[in-house]
Amino acid sequence: MATNLNIDIKLLDKVCQIGKFKTKREAVNTALKEYIQKHKQKDMLKYLNSVDFDSKYDYKEARKR
């Protein structure tokens, strides 16, 4: 899908330089993937400290089954 975007060329050049990307497309696609990953990780924070652990659970014993 072809898309025209008005992207700050200085930012894009800096991203390409830092990430050693060969193409602008590669830089933009990587940035978009990292953005999505970051926000998925933020969503997981809502589960922090919400899981109860059984102190009597023996994972080594469970492996024997």
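The values are calculated or read from the model by the stated rules, or taken from the named source; none is laboratory data. This one's a predicted model, so the numbers in the text were calculated from it and none came from an experiment. We place every Cβ from the backbone using ideal geometry, glycine too, and count neighbours over all the protein chains shown. Heavy atoms of the whole protein, side chains included, go into the accessibility calculation; ligands, DNA and RNA do not. Shrake-Rupley method; radii C 1.70, N 1.55, O 1.52, S 1.80 Å.
Of the helices (runs of 4 or more DSSP H) entirely within the chain, none holds at least 3 residues that are of a type in the set (Ser, Thr, Tyr). Looking at this structure, is LEU11 open to solvent by 80 Å² or more (accessible area, probe 1.4 Å), out of contact with any His (no Cβ under 6 Å at 6 or more places or on another chain) and at pLDDT below 90? So LEU11 fails the test. Only one of the numbered conditions (1) open to solvent by less than 80 Å² (accessible area, probe 1.4 Å); (2) among the aliphatic types (A, V, I, L, M); (3) within 23 Å of the chain's Cα centre (by Cα) is violated by ALA62, and that is (3). Within region 47-57, not a single residue is modelled with pLDDT of 85 or more and of a type in the set (Asp, Glu).
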